[in-house]
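The values are calculated or read from the model by the stated rules, or taken from the named source; none is laboratory data. Being a predicted model, the structure only gives us computed values, none of them experimental. When we count neighbours, we look across all protein chains shown, and the Cβ atoms used for this are built from the backbone with ideal geometry, even at glycine.
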Amino acid sequence: MVSRMPYVLYQGDCLEGMGEIPNEKAGLIITDPPYNLGLFMQKRNAGVFRMRENHFVKSGWDDLLYEEWDAKMRAFLSEAYRVLRDNGAMIIFMSLIKLESLIAAAQDAGFYYKTVGIWHKTNPIPRNMNRTFVNSTEAWLYFVKKGPSGVFNNNGKLLHDFFECSVTPASEKKFGKHPTQKPLKLISHFVEVLSNPGDLVVDPFMGSGTTGVASTQQGREFFGIELNKEYVEIARRRLDAQLI
């Protein structure tokens, strides 16, 4: 059964969008912000100029100077802290080489750092498989506002700090593609464990709306923010399809 919980999609800058959310309204933030690896990758002999045009290395939205990226992340984290209720949780996906910077920035904003976890992709793209280890993991960071614990719906089961599933299947891209789209199974796991029905889930870097789909399917409200109009429309089509 698919829930018909309400959702809001905001096209624009994440800080502007989060400004529309009242203080302490959200129960959970799940987001996948730019990893800011564009300049780093462009300086390496990694064949990036042979990659597809919408790959993050060539996209133009992932190549800030470190100082610029750090300032933007700190501004985002400050707003995230404001909109989360006490004991609310936040999951942020991030490159392994940026974890220390992001943890420090989140702690400066007031968050309690819980742990680093790993998403293991069971069917990664076998790029450069005859030259190096295939990249099959991405990291996620778990934070809580004001205190070391919050909602944790494990139903008495031991939950590991890694999650295994395939990369996003084609069936989840039928309304349009996003270059860094996360699979619904992965995001649904965090929605189920770290929030309760009726909670507001926020994704300030929404992309094609996977967090929104996972949230509304499980009876949560959703507020998604995305700068790119094309991706907002993909998200809208995905969410509207659930209500048919």
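What to note about this one:
- Within the set R44, R50, the sole residue that is of a type in the set (K, R), more than 28 Å from Q218 (Cβ to Cβ) and modelled with pLDDT of 55 or more turns out to be R44.
- Candidates are the residues of region 160-197 that are touching a His at 6+ places or on another chain (Cβ under 9 Å) and over 14 Å from T211 (Cα atoms); the one that is modelled with the lowest pLDDT is P179.
- When region 75-102 is limited to residues that are crowded, with 17+ Cβ neighbours inside 10 Å, in a helix (DSSP H, G or I) and modelled with pLDDT of 95 or more, the one that is farthest from the chain's Cα centre (by Cα) turns out to be R82.
- Qualifying residue in region 108-129 (condition: in contact (Cβ under 8 Å) with a residue 60 or more places away in the chain, part of a helix (DSSP H, G or I) and either out of contact with any strand residue (DSSP E or B) (no Cβ under 8 Å at 6 or more places or on another chain) or surrounded by 16 or more Cβ atoms within 10 Å (Cβ to Cβ) (or both)): no
- Cβ-Cβ under 7 Å pairs, at least 6 apart or on other chains, region 191-208 side free of Cβ contacts under 8 Å to residues at least 60 places away in the same chain, far side of a type in the set (G, A, S) and buried (at least 24 other Cβ atoms within 10 Å of the Cβ): S208/A235
For every residue, the table says whether it meets (1) among the polar types (S, T, N, Q); (2) buried (at least 22 other Cβ atoms within 10 Å of the Cβ); (3) part of a loop (DSSP other than H, G, I, E, B).
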position: S208; (1), (2), (3): yes, yes, yes
position: T211; (1), (2), (3): yes, yes, no
position: A214; (1), (2), (3): no, yes, no
position: I225; (1), (2), (3): no, yes, no
position: E233; (1), (2), (3): no, no, no
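- Matching residues in region 171-202 - criterion: being β-branched (V, I, T), out of contact with any Ser or Thr (no Cβ under 7 Å at 6 or more places or on another chain) and assigned to a helix (DSSP H, G or I): V193
- Of the listed requirements (1) surrounded by 16 or more Cβ atoms within 10 Å (Cβ to Cβ); (2) modelled with pLDDT under 95; (3) out of contact with any helix residue (DSSP H, G or I) (no Cβ under 8 Å at 6 or more places or on another chain), V144 misses just one: (2).
- Residues considered: E24, E20. Of these, the only one that is of a type in the set (D, E), at pLDDT 65 or above, closer than 26 Å to G150 by Cβ and in contact with a helix residue (DSSP H, G or I) (Cβ under 8 Å, 6 or more places away or on another chain) is E24.
- Residue in region 147-159 that is of a type in the set (F, W, Y) and within 18 Å of A235 (Cβ to Cβ) present: no
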